[in-house]
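Chemist: Dropping a structure here in C-alpha cells format, bear with me for questions.
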Amino acid sequence: MFTIKQPSTIVFGNKSAQNFPLPENSLVITSNGAKSRGWFDYIGLKNASIFDNVESNPSFTTVEKILNEFKTSEFSSIIGIGGGSSLDVAKFVAFKMKKRKFLIPTTFGSGSEVTRISVLKINGKKQSFHDDALFADVAIIDSHFIQNSSDKVIKNSVIDACAQSTEGYDSKLGNIYTKFMCEKAFDLLENGIIHKNYENIVLGSLYAGLGFGNCSTTLGHALSYVFSNEGIPHGHALAFTTTVAHKFNNSKFYTRFKHLVEILNFDPIHLNQHMKDAVKLIQKDRKHLDNNPKVVSDADIVNLLTLINNQQVF
C-alpha cells in the first residue's frame, strides 16, 4: 500500500503563468531582480505587496522577517515566484499565515512547487521541513522562464533534478508510481541536457518533483548539505555527492549520471570543514540516510568526502 500526494492543481505549459488569473491583493515573495527581469509584468501582477529579498539558501530568519513585516496586513494569498529558495520561503510563510499558495518556478530543478518540503537554514545549517500544509494550492510550470536563464543557472538546476530523480528511484520509500515518475524524469532530463531541449528539461523537472516528493532523496543529498553550508550551490554540490553516492549504492544510474556531470563540466569542489564535524552533521540527516538503499557508516562518509576532496570522483 502507498499514498500519492501532490498539489491539488498543477498548470503546465508555455505561457501558462502569463495566462493564469492570479488573485489580486496577494503578497509576492521572490528574490532581488525579479522586477528587472520582467517577471511581474509577464504574470500581469496587480494590486500586490512585494518582498523581493530572498537570498540563495535562505535562512529561517528571512521567514521571520517577512512574518513580522507583514503581520498586520491582510492578503488573499501568497505568490511565490523564482527559484527553489524563493518557493521554499513562500511555502513556509503561507503555511504560517494560513494563506493559499500559488507557486511559479523560474528555474527547473528543485521541484519545490510540487513538494511538501521547505529547506531553510537554521544557525547556518540546512534543515528540511516536511508537512502536507506546505503543498501549493496551485503550481504553475511555465517553460517561458527557462529561455532567458543563464547557462550556470540551467546546469545547476538540471543536475539537481537529475539527482532527485535518480536518488528518488533508489529510495527505500519508493513504489511503482515514484519509480515510474523518477525514471521517466531522468530520461527526459538526460535528453534535454544532451540535445539542449529545454521543454524536456522543464517537464523532466516536474516529473522529478512529483516522483521524489512522494518518496525521498537519499545519500547524495545528505552529503551535499555540508558543501552547501560552505557556499557551494546546491546543484553544483550534488554533481559530485550524488555521483559518489550512486557508485556506493551500486545505482543503475551511476554511469549515466556521471556522464551528464562530465558534459555539464562542473568545477571541482572541496570541503573545508573538519571531517569529523562533517560526519557528525551528515549522520544526523536521517530523513535522507534512513531511506538510502545501503547502510552508511562514519567510515563510508569519510571515504566518500575524501574522494570528492581529492578529485577522484571520475
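Chemist: Given the residues Phe92, Phe102, which is the only one that is farther than 27 Å from Val226 by Cα, aromatic (Phe, Trp, Tyr) and either buried (at least 24 other Cβ atoms within 10 Å of the Cβ) or touching a His at 6+ places or on another chain (Cβ under 6 Å) (or both)? Spell out how you get there, then give the answer.
Modeler: Working: Phe92 fails: farther than 27 Å from Val226 by Cα.
Result: Phe102 is the single residue among Phe92, Phe102 that is farther than 27 Å from Val226 by Cα, aromatic (Phe, Trp, Tyr) and either buried (at least 24 other Cβ atoms within 10 Å of the Cβ) or touching a His at 6+ places or on another chain (Cβ under 6 Å) (or both).
Chemist: Say whether the condition of being surrounded by fewer than 21 Cβ atoms within 10 Å (Cβ to Cβ), in contact (Cβ under 8 Å) with a residue 12 or more places away in the chain and in a helix (DSSP H, G or I) is met by at least one residue in region 156-172.
Modeler: So far as region 156-172 goes, no, none of its residues is surrounded by fewer than 21 Cβ atoms within 10 Å (Cβ to Cβ), in contact (Cβ under 8 Å) with a residue 12 or more places away in the chain and in a helix (DSSP H, G or I).
Chemist: Mind listing just one residue for me: the one in region 85-129 that is touching an Asp or Glu at 6+ places or on another chain (Cβ under 8 Å) and of a type in the set (D, E, K, R) and, of those, farthest from Lys65 (Cα to Cα)?
Modeler: Arg116
Chemist: Here's a follow-up. Part of a helix (DSSP H, G or I), within 14 Å of the chain's Cα centre (by Cα) and among the basic types (Lys, Arg): does that describe Lys91?
Modeler: Answer is yes for this residue.
Chemist: While we're looking at this one, here's another question. Check off (1) of a type in the set (Phe, Trp, Tyr); (2) over 29 Å from Glu230 (Cα atoms); (3) at pLDDT 95 or above for Phe2 and give me the number that stays unchecked.
Modeler: (3) is the only condition that Phe2 fails.
Chemist: Six or more apart or on different chains, Cβ under 9 Å: which pairs go from a residue in region 32-43 that's under 18 Å from Thr62 (Cβ atoms) to one that's open to solvent by less than 100 Å² (accessible area, probe 1.4 Å) and among the hydroxyl-bearing types (Ser, Thr, Tyr)? Could you list them?
Modeler: Ala34/Ser86; Ala34/Thr106
Chemist: Would you call Tyr177 over 18 Å from the mean Cα position of the chain (by Cα) and either assigned to a helix (DSSP H, G or I) or in contact (Cβ under 8 Å) with a residue 12 or more places away in the chain (or both)?
Modeler: Yes; evaluated as a whole, the condition is true for this residue.
Chemist: Return the pair list, or none, for Cβ contacts closer than 6 Å from residues in region 16-30 that are free of Cβ contacts under 8 Å to residues at least 60 places away in the same chain to residues that are of a type outside the set (Asp, Glu) and open to solvent by 50 Å² or more (accessible area, probe 1.4 Å), at least 6 apart or on different chains.
Modeler: Note: pairs meeting the criteria are Glu24/Lys46; Glu24/Asn47; Asn25/Asn47; Asn25/Ser76; Val28/Ile50.
Chemist: In addition: Kindly indicate which of Ile176, Ile122, Ile193 is open to solvent by less than 20 Å² (accessible area, probe 1.4 Å) and not polar (S, T, N, Q).
Modeler: Ile193
Chemist: For region 29-64, give me each residue that is assigned to a helix (DSSP H, G or I) and surrounded by 15 or more Cβ atoms within 10 Å (Cβ to Cβ).
Modeler: Trp39, Phe40, Tyr42, Phe60, Thr62, Val63
Chemist: May I pose another question? Would you please list the contacts, defined by Cβ atoms under 7 Å and residues six or more apart or on different chains, that run from a residue in region 121-149 that is closer than 30 Å to Ala278 by Cα and part of a strand (DSSP E or B) to a residue that is open to solvent by 40 Å² or more (accessible area, probe 1.4 Å) and charged (D, E, K, R)?
Modeler: If the second residue must be open to solvent by 40 Å² or more (accessible area, probe 1.4 Å) and charged (D, E, K, R), the pairs left are Ser128/Lys287; His130/Arg116.
The values are calculated or read from the model by the stated rules, or taken from the named source; none is laboratory data. The model shown is predicted, which means the values in this text are computed figures rather than measured ones. Methodologically, a virtual Cβ is constructed for each residue, glycine included, from the backbone with ideal geometry; neighbour enumeration extends over all protein chains shown. Keep in mind that these areas ignore ligands, DNA and RNA; they rest on the heavy atoms of the full protein, side chains included. Shrake-Rupley method; radii C 1.70, N 1.55, O 1.52, S 1.80 Å.
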